[in-house]
Amino acid sequence: MKILLIAPPVFDFYFTIHRMEPLGLEYIREALENAGHSVTLYDSTASGKVKTVSAPPEFGYLSEFYEEDTSPFSLHNSYKRLGDSFRKILDFIAKNDFDLIALSSLFSPYHPDVELLAAEIKKVSKTPLCIGGTAVNAQKNRIAETTNADYLNCGNGAVTLPLLADAIAGKIDFKEVPGLIYRKNGEIFMNEPSFEPAWCGGLIPKRENLRYFRKKKIAKIVFSSGCRNRCAFCSIHRDNKLAYRDISHIKKELEYLLSIGAEVVDIEDDDIFSNRGYAAQIFEILEEMHEKGLSYTAMNGMTVRNILPFAARLAKAGFIKLDLSLVSAEKSVADHLHRPHGIAEIEKVIELTEGKTEIEVFLIPGLPGTEVSDTCNTLLHLHKLGVKGGLSPLYLVPGVPMFEEMGIPENVRLCRGSALYPFDDKKRADIASLMKISRFLNYSLEHKNDDNYEVFLNYFNESLRRKRWFRLGKDGILRDSFEFYENFSL
């Protein structure tokens, strides 16, 4: 068969472009090609095109926070599309003759846009269309009732798609396809999914369109699947059992990535280095490959407890940036959320790395039990330690009990962190202010010697004093922005 896999464009107020490699689809392509199919992967974000578009009306309440601002404490300023337009994708489909089209839907807040694209595809093509990804896993019953696709895939697409192709060709019955959701005589059928890791079967996916991270080519990799932690806000342990790849297979993939020009490898594991014996073997390979030219990041976030035994080796192994997941420094909150470590472990890692590797520590402001003032104090503490503090405002994950109890909005677009949805007006303004404070503190770590630093510092402090932000237009004029309510003492 001729099969088209599509990584759709992303619509939001901000993006992390260097993390957009569609690794899941690359695994699926490899599995399909191994089964004898001709596969095209349309990676719509590979172009890097960013276009400002109209925000959906449900985001209207964000206009007072996301506005033009060129100051070092700015927030997002417009709603954008990252990637090719629907029209360009539809034209590509029209110019080719495919037997099956598959769309990736990785995050619930973006699924409505995937469905819009699916609807447009069905207007111009009679080709069978399948949507799969974690968004389907999270809300398969709801999506199955309304989807524009012919099929849905729950679970591992590298298992499902080759067998779906066989079913469409009449070689097997649709009920034999793991994870397939389909209609027959008006009734919805849901086959038991396969959640085995994508790398099972020895797949090493070919890579194209490498992104750039700090002007260096970057590629993703996974060493393991699942997570041994049971954090209350996370869905990873729900479907993905903890499993580890064969060490020699990992080395083979790293050698492949080096051979195609990758300079940085982003390790995407959810619980990297959770097995100390396994991690020790991995470090030997990382150090060996670093000597040959590879460096590493782990932008999905590192569990600090896991890396403490290896912290002194991280720079030697080639880690150029550590994204550490703290969530909250408040012990009572961390214990309630079943977090595996606290601020003391973070401090120990900072000490052992001796400033040789950049560190950014991520918090989730707005989690139940957290206070805005406590999050601000943690940001200040991290700043004094000389490391950046990253904020990921509370976002709601469908299917996770903690968030289901809070109430998943009918419009899942509102589940994203940039929507600042789960807060009342006052707390929303304070959370947005925390984001501004984090931005300026991180800026000040690197730019204290800039000519205009003192000017910005004065406006920043004056904003905190009067509880109303300044914003700097492209015309160089300072204007008033939104008010907030917390007494931030910096």
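The values are calculated or read from the model by the stated rules, or taken from the named source; none is laboratory data. Since this is a predicted model, take the numbers as computed values, not measurements. Glycine gets a Cβ as well: all are built from the backbone with ideal geometry, and neighbour counts include every protein chain shown.
Observations
- Every pair of residues 6+ apart whose Cβ atoms lie under 6 Å, when the first sits in segment 227-244 and is assigned to a helix (DSSP H, G or I) while the second is modelled with pLDDT of 80 or more and of a type in the set (A, V, I, L, M, F, W, C): I236/C227; H237/C227; D239/F195
- All positions within segment 164-184 that are among the hydrophobic types (A, V, I, L, M, F, W, C), surrounded by 23 or more Cβ atoms within 10 Å (Cβ to Cβ) and farther than 18 Å from V39 by Cβ: L180, I181
- So A46, is it surrounded by 14 or more Cβ atoms within 10 Å (Cβ to Cβ) and touching a strand residue (DSSP E or B) at 6+ places or on another chain (Cβ under 9 Å): yes
- Scanning segment 191-225 for residues that are touching an Asp or Glu at 6+ places or on another chain (Cβ under 7 Å), farther than 14 Å from E26 by Cα and either not assigned by TED's automatic domain parsing to the domain that holds D271 or not aromatic (F, W, Y) (or both) yields F195, R211, K216, K217, I218, S224.
- Any hit, segment 153-163, residues being surrounded by fewer than 19 Cβ atoms within 10 Å (Cβ to Cβ) and either aromatic (F, W, Y) or in contact with a helix residue (DSSP H, G or I) (Cβ under 7 Å, 6 or more places away or on another chain) (or both): no
- Subset of segment 382-403 that is in a helix (DSSP H, G or I) and at pLDDT below 90 - its residue that is farthest from T370 (Cα to Cα): P401
- Some residue of segment 187-200 being among the aliphatic types (A, V, I, L, M) and under 16 Å from A35 (Cβ atoms): yes
- Yes/no for R428 being under 21 Å from the mean Cα position of the chain (by Cα) and either assigned to a helix (DSSP H, G or I) or surrounded by fewer than 19 Cβ atoms within 10 Å (Cβ to Cβ) (or both): no
- Pairing residues of segment 398-416 that are outside the structural domain of D113 (by TED's automatic domain parsing) with residues that are in a helix (DSSP H, G or I) and acidic (D, E), at Cβ distances under 6 Å and at least 6 apart in sequence or on separate chains, gives N411/E58.
Listed here are the residues, each with its yes/no results for (1) surrounded by fewer than 16 Cβ atoms within 10 Å (Cβ to Cβ); (2) at pLDDT below 95; (3) in the same structural domain as Y182 (by TED's automatic domain parsing).
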{"site": "L106", "(1), (2), (3)": "no, yes, yes"}
{"site": "L116", "(1), (2), (3)": "yes, no, yes"}
{"site": "I121", "(1), (2), (3)": "no, no, yes"}
{"site": "T147", "(1), (2), (3)": "no, no, yes"}
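- Where helices (runs of 4 or more DSSP H) sit wholly within segment 71-155, those with at least 1 residues that are among the β-branched types (V, I, T) and over 30 Å from C200 (Cβ atoms) occupy 86-94, 111-124, 140-146.
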